[in-house]
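**Q** Next up is a structure, given as structure tokens.
The values are calculated or read from the model by the stated rules, or taken from the named source; none is laboratory data. Quantities reported herein were computed from a predicted structural model and do not represent experimental measurements. A quick note on method: Cβ atoms are made from the backbone with ideal geometry, for glycine too, and the neighbour counts reach across all protein chains shown. We work out accessible area using only protein heavy atoms, side chains counted, and drop any ligands, DNA or RNA first. Shrake-Rupley method; radii C 1.70, N 1.55, O 1.52, S 1.80 Å.
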Amino acid sequence: MPSLKDLRNRIASVKATRKITKAMQMVAAAKLRRAQEAAQAARPYAERMDAMLSSIASRVANPEGVSKLLVGTGKDQVHLLVVMTAERGLCGGFNSNIAKLARQDANRLIREGKTVKILCVGRKGADNLRRDLSRQIVDRIDFRGVKQIRFAQAEQIGTRVMEMFEAGEFDVCTLYFSEFKSVIAQKPTALQLIPAKLPEAKAGGMGGAEAVAEFEPSEEAILGELLTRNITTQIFRGLLENGASEQGSRMSAMDNATRNAGDMINKLTIRYNRQRQANITKELIEIISGAEAL
């Protein structure tokens, strides 16, 4: 049975931990608002980019001249998985859920006889996947010293992906990130980047008559340029969604940790009071017994 001193030390330790988790919860709440606004602002642009690409792709007269970013290489043998996670932990199941989805897809592709390559963005994802997929990890990109994610970081990832694609190192590229729904809900998402999966083009755009348009340069040239930019755009959107999801998950996790610390303090305090009362009762019994012996 622990002594009173041990119980006091443990109560003090849990109280110190509760202060840390409460502070982390407040910091995450402050960062969440900015991250959520950035993620929500990026969604319309990315969605409109997909709609524009779909519209232009439907007008292409010569499918043979279309960029391989849209039609693919004609093969489906080598898959590149771009797994984006956080640089830090203490954010609940945020990192593990993304890694779990990527691991499931990687194992499925390996069972089908495909070659899998993994590009990790973020330290936690690489640490999680290294246990059983270390041979498939080809590179890792860290943003440990970056305080705020900007388009430049997305361009760095997009450039690396394009270099690998132009070198013929893969046929299909899939992006893994966590889509922000709410503070308590983040959805791990897999988005195919290459070949691009575009929504079906709607005639007339907003429901009106389809406009007659001429393109200069050709539709193929414009489509090729936009497809390259779309890769970086979707990566940037994924980074922003990850940022909001990470802060929301951390805020929820630290709130649960703070509540659990409070419950533990209450239980330890009750245990301490009972132990102290038992010690006092024991001492009184000894005093009374000694007095009666005289």
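**Q** Could you pull out the pairs from K75/K187; K68/K181; K5/K124; K22/K181; K114/K197 whose alpha carbons sit more than 28 Å apart here?
**A** On the way: K75/K187 30 Å; K68/K181 33 Å; K5/K124 38 Å; K22/K181 23 Å; K114/K197 20 Å.
Checking Cα-Cα distances, K75/K187; K68/K181; K5/K124 exceed 28 Å.
**Q** Continuing with this model, one more query. Would you look at the GNM of the chain, springs on alpha carbons closer than 10 Å, and say which of A30, A12, A46 moves the most?
**A** A12
**Q** Sticking with this structure for a sec: Treat every Asp and Glu Cβ in the chain as -1 and every Lys and Arg Cβ as +1, leave all other atoms uncharged, and give the resulting dipole magnitude about the Cα centre to the nearest 20 debye. Kindly include the intermediate steps, with their values, before the conclusion.
**A** Working: 45 positive and 33 negative charges, 429 e Å.
For the chain, the charge dipole is close to 2060 debye.
**Q** Report the Cα centroid-to-centroid distance between the range 216-294 and the range 104-150 in angstrom, as an integer.
**A** Between the Cα centre of the range 216-294 and that of the range 104-150, the gap is 26 Å.
**Q** Once you keep just the Cα pairs under 8 angstrom separated by 6 or more residues, what percentage relative contact order results for the range 34-150? Don't skip to the end; give the middle numbers.
**A** Numbers: 109 pairs, mean separation 27.8, N = 117.
So the answer I get is 24 percent.
**Q** Same structure, new question: Put +1 on the Cβ of every Lys and Arg and -1 on every Asp and Glu Cβ in the range 1-145; which of H79, L129, V27 then has its Cα farthest towards the positive end of the dipole?
**A** V27
**Q** What's the extension gain from V27 to I141 if we count 0.36 nm per residue and subtract their Cα-Cα distance?
**A** Values: separation 114, 0.36 × 114 = 41.04 nm, distance 2.55 nm.
Going from the current span to full extension adds 38.5 nm.
**Q** Follow-up question, since we're still on this one. Separation between the K197 and A291 pseudo-spin-labels, each 7 Å from Cα along Cα→Cβ, expressed in nm?
**A** 8.3
**Q** Roughly how many nanometres apart are two label points built 7 Å out from the Cα toward the Cβ at R259 and A221?
**A** 6.0
**Q** What residue among L268, L53, L193 has the largest mean-square fluctuation in a Gaussian network model of the chain, using Cα springs under 10 Å?
**A** Among L268, L53, L193, the largest mean-square fluctuation in the Gaussian network model of the chain belongs to L268.
**Q** Taking the 0 to 90 degree range and rounding to the nearest ten, how far is the long axis of helix 94-111 tilted relative to the main principal axis of the chain, both from C-alpha atoms?
**A** That works out to roughly 50 degrees.
**Q** Moving on. Report, in degrees rounded to the nearest 10, the 0 to 90 angle that the Cα long axis of helix 4-59 makes with the longest principal axis of the chain.
**A** It is inclined by approximately 10 degrees.
**Q** Same structure again: Assuming R0 = 41 Å, can you tell me the calculated FRET efficiency for the pair K114 and I184, based on Cβ-Cβ distance, to the nearest 0.05?
**A** Working: r = 35 Å, r/R0 = 0.86.
Result of the calculation: an efficiency of 0.70.
**Q** Report the semi-axes of the equivalent ellipsoid for the chain in whole Å, largest first, where each axis is √(5λ) for an eigenvalue λ of the Cα gyration tensor. Present the calculation step by step, with values, prior to reporting the outcome.
**A** Working: eigenvalues 659, 89, 38 Å².
For the chain, the ellipsoid semi-axes come out as 57, 21, 14 Å.
**Q** Identify which of R274, R48, R59 has the largest mean-square fluctuation in a Gaussian network model of the chain, with springs joining Cα atoms closer than 10 Å.
**A** R274
**Q** Another question, then. Using each residue's phi in the range 182-194, evaluate 6.51 cos²θ - 1.76 cosθ + 1.60 at θ = phi - 60° and report the 3J(HN,Hα) Karplus result to the nearest Hz, with x for Gly and Pro.
**A** For the range 182-194, the Karplus curve yields 7, 4, 9, 9, 10, 9, x, 10, 10, 10, 6, 8, 9 Hz.
**Q** Now for a separate question. Which angle from 0 to 90°, rounded to the nearest 10, does the C-alpha axis of helix 219-293 make with the longest principal axis of the chain?
**A** 10
**Q** Right, here's the next one. Per residue, what accessible area does the chain have, given a 1.4 Å probe and all protein chains present, in Å²?
**A** On the way: 17020 Å² over 294 residues.
Accessible surface, normalised per residue, equals 58 Å².
**Q** Can you check what the net charge comes to around R8, using other residues whose Cβ is under 12 Å from the Cβ of R8 (Lys, Arg +1; Asp, Glu -1)? Working shown, then result.
**A** Numbers: positive: K5, R10, K15, R271, R276; negative: D6.
Residues close to R8 contribute a combined charge of +4.
**Q** Could you tell me whether the range 1-143 comes out rounded, prolate or oblate from its Cα gyration tensor? Rule is a ≥ b ≥ c as square roots of the eigenvalues, rounded for a/c under 1.5, then prolate if a/b exceeds b/c, otherwise oblate. Numbers along the way, then the final one.
**A** Working: a/c = 4.51, a/b = 1.88, b/c = 2.40.
Oblate, because a/c is 1.5 or more while a/b does not exceed b/c.
**Q** While we're here: Leaving out ligands, DNA and RNA, and with a 1.4 Å probe, what % of the accessible surface on the chain is carbon or sulfur? Display every interim value, and only then the final one.
**A** Working: 8700 of 17020 Å².
Reported share for carbon and sulfur atoms: 51 percent.
**Q** Now, a different point. For T228 and K267, FRET efficiency with R0 = 51 Å and r from the beta-carbon atoms, rounded to 0.05?
**A** Numbers: r = 59 Å, r/R0 = 1.15.
Given R0 = 51 Å and the Cβ-Cβ separation, E is 0.30.
**Q** Net charge around N230, counting only other residues with Cβ within less than 12 Å of its Cβ (Lys, Arg = +1; Asp, Glu = -1)? Walk me through the numbers on the way to the answer.
**A** On the way: positive: R48, K197, R229, R237; negative: E47, D50, E225.
Neighbour charge sum, excluding N230 itself: +1.
**Q** Let me ask you something else. Could you sort the peptides 237-245, 118-126, 225-233 by per-residue average Cβ neighbour count (10 Å cutoff), highest mean leading? Spell out each step's value before the answer.
**A** Details: 237-245: 26.1, 118-126: 24.3, 225-233: 18.4.
So the order, starting with the most tightly packed, is 237-245, 118-126, 225-233.
**Q** A further question follows. How large is log10 I(q)/I(0) at q = 0.15, 0.17, 0.18, 0.20 Å⁻¹ when the Debye formula is applied to the Cα atoms of the range 89-179, each weighted equally and without solvent?
**A** Reported log10 I(q)/I(0), two decimals: -0.62, -0.81, -0.90, -1.11.
**Q** Rounded to the nearest 0.05, what FRET efficiency is calculated for A152 and K75 with R0 set to 35 Å and r the Cβ-Cβ distance?
**A** Numbers: r = 32 Å, r/R0 = 0.92.
For A152 and K75, the calculated efficiency is 0.60.
**Q** Stokes-Einstein diffusion coefficient for the range 1-83 at 25 °C in a medium of 0.890 mPa s, Rh from the Kirkwood formula over Cα pairs: what value in µm²/s? Walk me through the numbers before you get to the answer.
**A** Values: Rh = 19.1 Å.
Roughly 128 µm²/s, to the nearest whole number.
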